[in-house]
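Enquirer: Just passing along the structure, written as structure tokens.
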Ligand SMILES: Cc1ncc(C[n+]2csc(CCOP(=O)(O)OP(=O)(O)O)c2C)c(N)n1
Ligand SMILES: [Mg+2]
């Protein structure tokens, strides 16, 4: 399913804005932060079932991807995918509606928090299976190459996924076939509840690129402009036939792994030291310092987003719940045997 009931022009406009305007990028980062606050609130009220994984603290990476990819590029993300969906242009009502199981959700309310998708803006289905997006993006790159389309595929995954077989198979195939893929590892120092040092013998995931003869680049994942510059180089290389790149963005997720994890196993002061380099605040300060926006304009962006998200929540809550009768509407093949 690839269309949004809210109309295609909205996601396309949102995407075009983050590609061209610093102001829109800050707006999107603030939107992600606020939407995820809202999601946690809706869970606490019992409006949403199941679980959810927020990406607060990692907004710069998602928005940098939205800002540097073309609409025909394809992006595969993870269960921590609200930020990526919003950054690629999916409207907040379609993300919230999806999580709330409403028909106006980006997959009609059948996917939920961990299975967001919108092919109109290149968001391949996100997945709860760690590392699953990696071979999917390699396949998307291969299809582009076979069809002689110059699109690029992006795989976004965590540090934990770099220990999954699919990571190694995916990087190997992409390298050997010189596929146009950019592998973006969000190294937030934890895989589920485990600190990276307990699961991974190397401190930098980027060094693994060497084993697959591709560039491995470490970037400051808190700095949207640094991530954008690195993405641009890797995307251009891929589009020009130069093959894949592995980017490791050093970052931190403010929450524990999922809704029920308070992250109490994290060392004292760690969260505070990362919060001191908050990606939204860093970008706002830079735009202020560079004279791109005034403090009043920054405050107005936040205030406007708060109102817009309240409207999206109200719209999503008032929308029709998904119907069981429509469950197989977009399923390609259904086993008819009883
Ligand atoms: C194949 C597979 N193995 C294990 C799990 C359970 N699991 C869910 S998230 C997770 C940790 C992933 O960590 P990371 O890749 O660093 O991503 P993060 O959650 O930090 O964004 C694990 C082990 C799973 N969902 N899929
Ligand atoms: Mg992680």
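Computed from the coordinates by the stated procedures, all read-outs in this text should not be read as laboratory data. Note that the structure is a prediction, hence the values are computed from the model and not measured. All Cβ positions, even for glycine, are placed from backbone atoms using ideal geometry, and neighbour counts span all protein chains on display.
Enquirer: At 222 nm, what helix-only mean residue ellipticity would the chain give, in deg cm²/dmol to the nearest 500, using -39500 (n - 2.57) for each DSSP H run of four or more?
Expert: Calculated at 222 nm, the ellipticity per residue is -13500 deg cm²/dmol.
Enquirer: In addition: Over the chain, with a Gaussian network built from C-alpha contacts below 10 Å, which listed residue (195, 135, 180) shows the highest mean-square fluctuation?
Expert: Maximum among the listed residues: 195.
Enquirer: Let me ask you something else. Where both residues lie in region 173-269, what percent of DSSP beta bridges are antiparallel, nearest 5?
Expert: Roughly 15 percent of the beta bridges in region 173-269 run antiparallel, per DSSP.
Enquirer: Same structure again: With springs connecting C-alpha atoms under 10 Å apart, model the chain as a Gaussian network and identify which of 172, 163, 326 has the largest mean-square fluctuation.
Expert: 326
Enquirer: Using a simple spin-label model with points 7 Å from Cα along the Cα→Cβ vector, what separation in nm is obtained for residue 273 and residue 300?
Expert: 4.0
Enquirer: What does the extension gain come out to for residue 45 and residue 232, with contour length at 0.36 nm per residue minus their alpha carbon separation?
Expert: 63.2 nm is the gain from fully extending residue 45 to residue 232.
Enquirer: Across 5 Å bins from the origin, how do the percents of Cα pairs in region 27-116 run, short distances first?
Expert: 3, 16, 27, 27, 18, 7, 2, 0
Enquirer: Sticking with this one: Restricting to bridges with both residues inside region 186-338, how much of the DSSP beta-bridge set is antiparallel, in percent to the nearest 5?
Expert: 20
Enquirer: Based on other C-beta atoms within 10 Å, arrange 196, 32 from fewest to most.
Expert: Going from least to most buried by this count: 196, 32.
Enquirer: Take the chain, connect every pair of alpha-carbon atoms lying under 10 Å apart with a spring to form a Gaussian network, then pick out the residue of 268, 166, 17 with the largest mean-square fluctuation.
Expert: 268
Enquirer: Gap in Å between the Cα centre of region 236-308 and the Cα centre of region 170-195?
Expert: Each part's Cα centre sits 20 Å from the other's.
Enquirer: Still on this structure, I have one more. Would you please give the FRET efficiency between residue 13 and residue 266, computed as 1/(1 + (r/R0)^6) with r the Cβ-Cβ distance and R0 = 35 Å, to the nearest 0.05?
Expert: 0.35
Enquirer: While we're on this one: Considering only DSSP beta bridges with both partners in the chain, what is the antiparallel share in %, to the nearest 5?
Expert: Of all bridge pairs located within the chain, approximately 15 percent are antiparallel.
Enquirer: Roughly speaking, what is the stretch gain from residue 103 to residue 147, that is 0.36 nm per residue apart minus the C-alpha to C-alpha distance, in nm to one decimal?
Expert: The span from residue 103 to residue 147 would gain 12.5 nm if fully extended.
Enquirer: Sort 327, 231, 114 so the one with the fewest other Cβ atoms within 10 Å of its own Cβ comes first.
Expert: Least crowded to most crowded, the residues run 327, 114, 231.
Enquirer: Now, a different point. Is the shape of region 80-150 best called rounded, prolate or oblate, per the rule: a/c under 1.5 gives rounded, else a/b larger than b/c gives prolate, else oblate, with a ≥ b ≥ c the square roots of the Cα gyration tensor eigenvalues?
Expert: In terms of gyration-tensor shape, prolate.
Enquirer: Let me ask something else about it. Kirkwood Rh and Cα-based Rg: tell me the resulting Rg over Rh for region 163-292, rounded to two decimals.
Expert: Rg/Rh for region 163-292 comes to 1.02.
Enquirer: Rank by packing, highest mean first: peptides 147-157, 287-297, 272-282, 57-67, with packing defined as the count of other Cβ atoms within 10 Å averaged across residues.
Expert: Ranking the peptides 147-157, 287-297, 272-282, 57-67 by packing returns 57-67, 147-157, 272-282, 287-297.
Enquirer: Evaluated at 37 °C with a viscosity of 0.692 mPa s, what Stokes-Einstein diffusion coefficient in µm²/s does region 63-183 have when Rh comes from the Kirkwood expression over alpha-carbon pairs?
Expert: Approximately 229 µm²/s, per Stokes-Einstein.
Enquirer: Stretch residue 331-residue 281 to full length: gain in nm at 0.36 nm per residue minus the Cα-Cα span?
Expert: Additional length available on full extension: 13.7 nm.
Enquirer: Another question about this same structure. Please arrange 193, 212 by how many other C-beta atoms lie within 10 Å of their C-beta, fewest to most.
Expert: Placing the least packed residue first, the sequence is 193, 212.
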